[in-house]
Structures are given as C-alpha cells and as structure tokens.
Amino acid sequence: GRPRVRWRGDRGGVVVALLCAAVAGALTVPGFSYGVADKDPGGYVTHAVEISRSGDYAFVDPLLSSGAPVQLTSPGARFPGIWIRGARDADGSCGADRNGCTIVPQFYHLWPALLAVSYDVAGFGGLFATVPLMGVLSVLLLVAVLRRVGDALLPATRPSAGLVAGLAGGLLLATNMLQVWQTRFPTTEVLAQALFLGALLGVVVTLQTGWRPAAGFAGLMVGVGWLNRSDGFLLVLLAVAVGAVLLTVRRWDPRASWFAAGLGVVVPHALVQGYHLARPYTDANPHVSLGQWALLVGGCLGLALVLRTFLRAPLAAAVAGLERRRVQVGLGLLVVLGAAGLLALGFLRARLFGADLFDYNGREIRSFDEQIMPRLTWFLGLPAFALMLGGLLVVAVRRWSASVWAVVIPTLLLFPVYGYTASNSTRLMWWTRRYIPTVLPGILVLVALAIAFAVVWRYRGRAWLRVPAGLALAGLVAFFLSQSLPLRSHDEWGGSLDITERVAGLAGAEQGLYLWEPLGSPGQACCASTTQLFATSVWLVHGQVSGLLPTDPGQRAALVADYRARFPTMAIFVLADRGEVPQGLDPAALTPVDHIVTTLPMWEESNDERPDEAREIPVDLSIWRVTGT
C-alpha cells in the first residue's frame, strides 16, 4: 500500500539549520545595489524593472518603432544584452509582426521575472534582497540534505552523523567566498543552486520514505532549473538517463512516475523558451537541439525496452550482484580511484600535455583550461579536495544507500564536465560562478561527510579522529572567512542607482531622449565607460529612451537634427566621458546641464591571482541638453 507519512520534530536539525542560515545571512544581507549594466547582473536588474513596468519579458523599442535611423552596438543589439527579436523592413518599419522593433533581452527570463515580483513588492530593496534570500535557502536545503544523508550513511551514531554533516556542510557553504559573492551578485547561479539542492532533497526524501509527492517536487525543481539557466538541460539529461536505467532493470515505480510528472509540468515551457522565445541565447550556448532531444529520449526509451525484454536474467543477476558487499567495495574503490585520477589530471594538466597557449586580447598566454583546478584551489584549498576524496571513500566502501548515491552521483558526473574547459570569461570573480549551482555544494557535501565520519568513527571505543575533524572544520571555516569577510563591507557599484536617477531626472516631467557616445569611443575606459554603465539603466529602469550617437562623427549632427524633428516634445540630451563635446556636434547647440564626477566601488578583476580587495572606478560624465540647431 501507499506509505503513510509521519511528521516528527527535529530540534537538533532545526538548531543547526538556523545557525548556518544566520551565518549565511550575516555575510550576505543586503545584496549588492547593482545599478549599472556592465555585465549580466545589471542586465537582469534592468530587465526585471522593465518587466515590472510592462508586464512582459519582451517590449517595443520606442526609438526603433519611430522609423528613425538607430545606431546599434552590434548587429541585432541596441546595447549589450538588449537584443532585437527580428530585422526591420527595408523602409525602416517594424515589419508586419513588429519583431523588428521588439526587444527580447539576452538570457532566459525566469530570474528577471522573479526579481520583478520582488521589485513590485518592495522596490530595489526587495529586488536586491532576493539574491541573499536564495543563498540562505540554499544553506537550509543543504543542511536538510546532509541531515538525512549523514544518518543514512552512518546510522545510529552519537553524536548524530547527520547533525555533524549538516553543521559542517552548512557552515562551509555559508562562509565560502564564492558562495558569499554569488549570494550578493544578482545573477542566476544562486537560484540554480537552490533549485538543485531542492531537487536533491526531494529525491532523498522519496527514496528514504517512499513519499511520492517528494519525487514530484524533485522533478519540478529539475524542470524549473532548465527554465532558469540554459545549462539546466544537463540535469534533465541525467534524469532521462536514470529513468532509462530504472526501466531497464525493472525498478520503475510510482515514485519515478511522480518525478516524471513533476518534470513534465515544466519541460514544455522550457522547450518553448529555449527553442523559441530565447532561441538566440540558446544558440549562443552549448545545447541539445530539438532533433537531438528526440533522438536521445527515444533512443534511451527504445534501448531500455530492448534490454529489459531480451536481457532480463543477466540484468537481474547484475542488480543482485550490486547488493553484495564485496562487489560494492570493489566498485566503490574503482570510483574513488577514478575521481582521484581526474583530480590529479586536473592539477597536472599542463605538465602532462605541455603548454596550451591562446590569444588573450592580443597577448599569447597560457590557456585557462589547464589552470581550472589550481584556480579553484585558491577559493577551496587543497585540504578541501583531500577531504572530498575522503568523503567519497566513506560513501564508496560503506554499505551502499540509494539516497546517498543520489546526492553524490551528480557531482561525480558534472564536476568533470565543468572542469574540462573554462568556457567563460577568464576573470576569476566571473569565471567561478559556473561552479556555484552544482559543483560547489557537491564538493562540500563530500567534505561534510568526511568530517562527520571522522567525528563519529570509533576504534576500540575511542573517537580517535574527533579532534582532527574539529580542527579540519575550524581551519576550513577560518580559511573561507578570511576571504569572504572583506566582502561584507563591499557594495559592488554602490551609488550607481543614485547616478542613474540623477541623470534620468534631468528630463523633469518630460520623457527624455538620451544620446550616448558609442562604445569604444576614443578616451573611453574599457568595460567601464559611462555608456556601458548607465545607458541601459537610464532607459529600462527609469523609463527614459537611450540611443547611441553614430560611430561616424560626420553623421552625428544630422541624426540629432532628425531626432529633434521626430520627437519635438522630448528633451534631448547628449552624454559623454571626460567633459568633452563628442566630435561632430556643435558646442553652440548644446547647453551643459550636469557634470558628474565620482567613483564607484568594484571588486578587482584578475586573471592570474585571487581578487582580494575593492578598487574605485572613476566616473566622469558630462551631460548637455540640445537647445540649438
């Protein structure tokens, strides 16, 4: 019959969870007040406010819809990340479907939609608080996972292995610099992490109790993870593979059906978003095409049915063999040796295969693919990787538990995928974000299990490893805090919201048209020009209209005159760095209205050493109002 669910209090687990959550909140609340559009987080923030205003992920560009000539930053993009859905007709019109004037910002749209809800509820304070709240949720979920997994791996111990593992894993996740940074940085990674850990918790609960709704919840979380990030398809692929294995060995039961149903609720929406609504972004990232999806799912199902039908006896014998201790120990040791070999390969990559050189902004430097493991070590430390292998050894040689392996297997499979190639910006605070959703919590799960085993293991009645385990946990937490505590007083781009509000306020009760120097204009600082920082925010956050001056100075005066004729009721402004009127415009036709000189804090960006301090980015923004011809 269907299992009955019984609820009981867990005072120790609640205390551990609240303690770890308090540490996480103390290090991350509030999130960064990110008011610029230099990178992905600014794109999410500006898109969120626009969604709040318009109620839709896509919106019509007033400048494009006017039929006026428009300078683009790149083909198909008004500004970086502000992508145009389609092309305009030859006469400059939007086209019959208006796609030539419709903006669909880069990325998938779940995260900015969530931020938009937070913005509706509590303004920018609510929007920026959503990120650390997701981080606190992740810590709570990790503690809950380890509470159950620790007791399943090392049952009936005093102190409880689950409590020790939960405390260790929760503290390590809450204090690690990568986690603290991403839990204040408004990008998708921390939500992806919470969804991943929620899925793991659902799987663990359903395997340990038989409660089917937990399996449905887990499938739902995996599907929502695909809605959140394009690489969420990897977990969907893993779920398809596991389902095929269950079918093959005749272990598919109602819990698997519930998981598939939960996943199926979201997958249609994920497919529509990935292959229609946000197709350009999907195409720009590693992905599986619709045809390949059909082949994979159909192939896995067909192969499972064939093997199930014709190899029933051998498969049953293989499953029975996996329940024997000698087989489990032998296979477990092979898994540990394989993981150790991959880690060694990661650390010795350059020595084994020679220098891998590539061109980086005109300089030939060593490839960052070969430095993935050393760079991760700066944030985790070699002892963490040693303890990770120790935790895997404990899992592998103890009597196997499905719930334990369900938590460990995703890490074993996904870590090599992400560790093979950097596949991202080389700047460390940016590059490391790809390890946040699955790899970082997976590593810390194994570290926590190793520490828990050392605390509860006894030889001849004595806990010989309890003190070393405590010292290891204290040392890792201290190491993590030495990196993350300086972030507590840092506010990335703090003060930028005031600048965009000040610029937008120059139009008064009118709607303003703000014409910015093109990106890369002479004298602009790389990646921190006023156009890069503020143009999109003035437009999408404050409801003004931003455009670019032509790259050809000889065309600028004509464009400004055209805009004055097309938008007679709008206040038109010209904005540039360094207080100099952009070349091609007559200073006599421009009236200075503001000059903003200040600095904004940004954590240093480094390619070859761990960033450990903030620096001040100078802002020198001059603004003129067009008053003459």
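The values are calculated or read from the model by the stated rules, or taken from the named source; none is laboratory data. This structure is a prediction, so every number in the text was calculated from the model and none was measured. Because the Cβ atoms are built from the backbone with ideal geometry, glycine has one as well, and the counts that use them run over all protein chains shown. Remember, those area values only see protein heavy atoms, side chains included, never the ligands or the DNA or RNA. Shrake-Rupley method; radii C 1.70, N 1.55, O 1.52, S 1.80 Å.
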Exercise for the section: Please report, in cubic angstrom per residue, the volume enclosed by the convex hull of the alpha-carbon atoms of region 101-164. Expected result: 114
Completion exercise
For region 255-410 the mean separation of alpha carbon contacts under 8 Å (6+ apart) over residue count, i.e. relative contact order in percent, is 21
Handout entry: For region 544-629, with +1 on Lys and Arg beta carbons and -1 on Asp and Glu, the positive-most of Pro592, Pro618, Gly628 along the dipole
Key = Gly628
Fill in the blank from the handout: FRET efficiency for Ala463 and Trp430 from the Cβ-Cβ distance with R0 = 60 Å, rounded to 0.05, comes out at 0.90
Fill in the blank from the handout: Quick calc, the chain, dipole around Cα centre from Cβ unit charges on Lys, Arg (+) and Asp, Glu (-), nearest 20 debye, gives 4220
Practice task
List the trypsin sites (Lys or Arg not before Pro) within region 404-485 that fall in a DSSP loop (any state other than H, G, I, E or B) and whose Cβ has at most 14 other Cβ atoms within 10 Å.
Solution key: Arg458, Arg460
Practice task
Considering the convex hull of the alpha carbon atoms of region 46-134, report its projected area averaged over all viewing directions, in nm², one decimal.
Solution key: 6.3
Completion exercise
In the chain, taking the dipole from +1 charges on Lys and Arg beta carbons and -1 charges on Asp and Glu beta carbons about the Cα centre, the listed residue (Ser74, Leu440, Phe185) farthest towards the positive end is Leu440
Practice task
Within region 1-72, list the trypsin sites (Lys or Arg not before Pro) lying in a DSSP loop whose Cβ has at most 16 other Cβ atoms in a 10 Å radius.
Solution key: Arg4, Arg6, Arg8
Problem - Within the chain, longest stretch free of exposed GluC sites (Glu not before Pro) [DSSP loop, at most 13 other beta carbons within 10 Å] - result: 1-322
Exercise for the section: Please work out how much length the chain gains when fully extended from Asp552 to Ala122, using 0.36 nm per residue of separation minus the C-alpha to C-alpha distance, in nm with one decimal. Expected result: 150.5 nm
Practice task
Tally up the carbon and sulfur contribution to the accessible surface of region 387-513 as a whole percent, 1.4 Å probe, everything protein left in place.
Solution key: 63
Fill in the blank from the handout: For the chain the mean separation of alpha carbon contacts under 8 Å (6+ apart) over residue count, i.e. relative contact order in percent, is 17
Problem - Stretchable slack from Leu246 to Leu471, in nm (0.36 nm times residue separation minus alpha-carbon distance) - result: 76.8 nm
Fill in the blank from the handout: Result for the chain: accessible area per residue, probe 1.4 angstrom, in square angstrom, of 43
Exercise for the section: Using only the C-alpha atoms of region 344-410, find the volume of their convex hull and express it per residue in Å³. Expected result: 116
Practice task
Only helical DSSP H runs with n ≥ 4 go in: add -39500 (n - 2.57) per run for the chain, normalise by residue count and round the 222 nm mean residue ellipticity to 500 deg cm²/dmol.
Solution key: -18500 deg cm²/dmol
Handout entry: Cβ charges +1 (Lys, Arg) and -1 (Asp, Glu), total dipole of region 22-92, debye
Key = 100
Exercise for the section: Hey, for a label at Ala402 modelled as a point 7 Å past Cα toward Cβ, could you say which residues of region 440-457 have their backbone N under 19 Å away? Expected result: none
Exercise for the section: Kindly express, to the nearest 10 degrees and within the range 0 to 90, the angle between helix 325-347's C-alpha long axis and the longest C-alpha principal axis of the chain. Expected result: 30
Completion exercise
On the accessible surface of region 90-219, probed at 1.4 Å with all protein chains in place, carbon and sulfur together account for a percent value of 67
